[in-house]
Amino acid sequence: MNVLVTRPEAAPILASAPLPQPSRVARLRPYAANILPPLLLTLLFFLAWEALCSGPGSNLPPPSQVWAESSELILRPFYIRGGLDRGLGLHLFASLERVALGFVLAAIAGIALGLLIGTSDFAMKGLDPIFQVLRTVPPLAWLPLSLAAFREATPSAIFVIFITAIWPIIINTAVGVRNVPQDYRNVAAVIQLRGPAFFWRIVLPAAAPYIFTGLRIGIGLAWLAIIAAEMLIGGVGIGFFIWDAWNSSHLSDIFVALFYVGITGFVLDRIVSALGQLATRGTQSS
Amino acid sequence: MTAHAYLEISNLSIQFPKSPVPVLRDVTLRIDKGQYVSVIGHSGCGKSTLLNVVAGLLPATAGGVLLEGQEVNTPGPDRAVVFQNHSLLPWLTVTENVLMAVELTVGRKMSKAERLAWTLETLALVKMTHAKDKRPGEISGGMKQRVGIARALAMRPKVLLLDEPFGALDALTRAHLQDEVMRIHADLGCTVIMITHDVEEAVLLSDQIVMLTNGPNARVGEVLEVGLPRPRSRIALGADPRFLAAREAVLTFLHDRHAAPTLTAA
Ligand SMILES: Nc1ncnc2c1ncn2[C@@H]1O[C@H](COP(=O)(O)OP(=O)(O)O)[C@@H](O)[C@H]1O
Ligand SMILES: [Mg+2]
């Protein structure tokens, strides 16, 4: 009985008082649990690399040597020493510029074509087999034709990006349009939403998650293709930088460049994914 | 018989293109203005199909539907549908979902402010004002169904078509929404066709209960007039002999004379 009587009295005080905050250490623990494992494994990886490549017969430099020879590339990404001898950041920008241009063109053309194929049965039947064959052509196989047509390195590289990134964008957009749920079509029919308005207000938002999946695959492929294309066409760009380093036997520089390439690819993927999240807010959740 | 009823379904048969037998055969119904009609039958007998034809979403294979003497063959806002799975557009907020319907139907000639006011009024009718700026992904199943009902009501339809509107809800939420729909039906006086497989729900809400036989070739097996006075209270009716008799009549039809084919086979 005592317990039953005292509890209701204590309750109002407890309810109005703020809940005790967890201690600083306890609050940081979840973050630590996420950050520690990758940090630890990266450290282990470097140690193993150091151990494996430190011997006299090793073909590849250990991390300590990479740092000793190429720390300038890491510390000063934007130097220009005349000609093509410039910082990695500048090479990276040249590559990103090409990717951006090629990718934006691919996005515009790819979404437009995908919407067409998705809506028109005739276009679907006519174009789909062609696309299915063309999309399996490896990006670099387009380069010779592209060079022959454009006669210049930069537009050729941009074309290769374009033609690499466009297929997943077309195909995913078309699938998205075809998969607009019958429920949404019924709703539109009842409120007599037709023609362009139906397209803008139902089809496009319903297909948006698919379109962004296509864009995300596209940017990944574009980044893969640019590195390879630049190795062949020369000039500026991170791909050219790697090829040039190989030709001058600067193996340490290649390691640093690969690190940059990886991080940039990761960031590009995240940017497109974040844009997708922003644009399709809510659509995926139900 | 020459005078048409308000809503008339006459000798309606529906056969899907690749199926050897019709789902529904010779369904005939006459529904008066302001009536609340439930259609009940076992799963898969063609209830949704029937509703979709009245909505104009499916063509009739033979026979047809007349609303106020006009043949129904396209979908339209005079026959608003509340779909089985709410079908709200997930990228729009609650308000926007209803507003879109208002804009294209009753609100064509209204100003922007009038449309919004109309929308908010309808949301208040189903008690959803508090969540008006949420997206469908952020509200419960019962709330989504309320918004679906609001979207349909906002068009001021002549006939409100409900396809198992409470099917996916828990018992408490369902009872609550049933009361709301009864109140709205009394307030607005619209004609309602509701698909259900819940016997008590049918008896509680309806003026008429249409019982379909098992498909394929489903037809109207029986029509029960529920003479219970309105307003009805579920608690008072629980012991009312007329309520119990109506319930028993429907149960007998469904379980003795037209038991689910899968259950009898087992
Ligand atoms: N679009 C369709 N094409 C072919 N058959 C269908 C289609 N829609 C429904 N059916 C069939 O018609 C029958 C009735 O379906 P439905 O009206 O959804 O039943 P209920 O709503 O009574 O559960 C089912 O056997 C179903 O398989
Ligand atoms: Mg159904």
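The values are calculated or read from the model by the stated rules, or taken from the named source; none is laboratory data. Quantities reported herein were computed from a predicted structural model and do not represent experimental measurements. Cβ sites come from the backbone with ideal geometry, for glycine too, and all protein chains shown count toward neighbours. Calculation scope for accessible area: heavy atoms of the full protein, side chains included, ligands and nucleic acids excluded. Shrake-Rupley method; radii C 1.70, N 1.55, O 1.52, S 1.80 Å.
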Inset, instruction - Within segment B:30-49, identify whether any single residue is in contact with a Lys or Arg (Cβ under 8 Å, 6 or more places away or on another chain) and more than 17 Å from B:E222 (Cα to Cα), and answer yes or no. - result: no
Inset, instruction - Could you tell me whether segment B:189-196 includes any residue that is more than 16 Å from ligand 2 (Cβ to nearest atom), touching a residue at least 24 places away in the same chain (Cβ under 8 Å) and surrounded by fewer than 20 Cβ atoms within 10 Å (Cβ to Cβ)? - result: yes
Legend entry - Matching option when the condition is at pLDDT below 95, within 16 Å of ligand 1 (Cβ to nearest atom), open to solvent by 10 Å² or more (accessible area, probe 1.4 Å) and within 14 Å of chain A (Cβ to nearest Cβ), among B:A168, B:A265: B:A168
Inset, instruction - Looking only at segment A:188-200, decide whether some residue is within 10 Å of another protein chain (Cβ to nearest Cβ) and among the β-branched types (V, I, T). - result: yes
Legend entry - Single match in B:T119, B:T49 (criterion: out of contact with any helix residue (DSSP H, G or I) (no Cβ under 8 Å at 6 or more places or on another chain), within 14 Å of chain A (Cβ to nearest Cβ), open to solvent by less than 70 Å² (accessible area, probe 1.4 Å) and under 23 Å from B:K158 (Cβ atoms)): B:T49
Inset, instruction - Answer yes or no as to whether B:G137 is in contact (Cβ under 8 Å) with a residue 12 or more places away in the chain and within 14 Å of another protein chain (Cβ to nearest Cβ). - result: yes
Inset, instruction - Among the residues of segment A:21-40, count how many are surrounded by 10 or more Cβ atoms within 10 Å (Cβ to Cβ) and among the hydrophobic types (A, V, I, L, M, F, W, C). - result: 6
Inset, instruction - Select the helices (runs of 4 or more DSSP H) contained entirely in segment A:35-136, then report the ones holding at least 1 residues which are in contact with a His (Cβ under 8 Å, 6 or more places away or on another chain). - result: A:63-75
Inset, instruction - Could you pull out the residue among B:H130, B:H185, B:H176 that is buried (at least 18 other Cβ atoms within 10 Å of the Cβ) and either modelled with pLDDT under 90 or away from ligand 2 (no atom under 16 Å from the Cβ) (or both)? - result: B:H185
Inset, instruction - Kindly indicate which of B:V98, B:V94 is more than 8 Å from chain A (Cβ to nearest Cβ), open to solvent by less than 30 Å² (accessible area, probe 1.4 Å) and more than 20 Å from the chain's Cα centre (by Cα). - result: B:V94
Inset, instruction - Go through (1) within 14 Å of chain A (Cβ to nearest Cβ); (2) under 26 Å from A:A279 (Cβ atoms) and name the single condition B:M155 misses. - result: (2)
Inset, instruction - Having 1 or more residues that are within 16 Å of ligand 2 (Cβ to nearest atom) is the bar; report the strands (runs of 3 or more DSSP E) wholly within segment B:1-120 that clear it. - result: B:7-14, B:24-31, B:36-40, B:79-82
Inset, instruction - Out of B:G44, B:G69, B:G64, report the one residue that is open to solvent by less than 30 Å² (accessible area, probe 1.4 Å) and of a type outside the set (A, V, I, L, M). - result: B:G64
Inset, instruction - State whether one or more residues within segment A:240-250 are open to solvent by 10 Å² or more (accessible area, probe 1.4 Å), under 30 Å from B:N97 (Cβ atoms) and at pLDDT 90 or above. - result: no
Inset, instruction - Go through segment A:201-217 and count every residue that is within 13 Å of another protein chain (Cβ to nearest Cβ) and basic (K, R). - result: 1
Legend entry - helices (runs of 4 or more DSSP H) (entirely within segment B:155-266) containing at least 1 residues that are over 20 Å from the mean Cα position of the chain (by Cα) and over 27 Å from B:G44 (Cα atoms): B:234-237, B:241-252
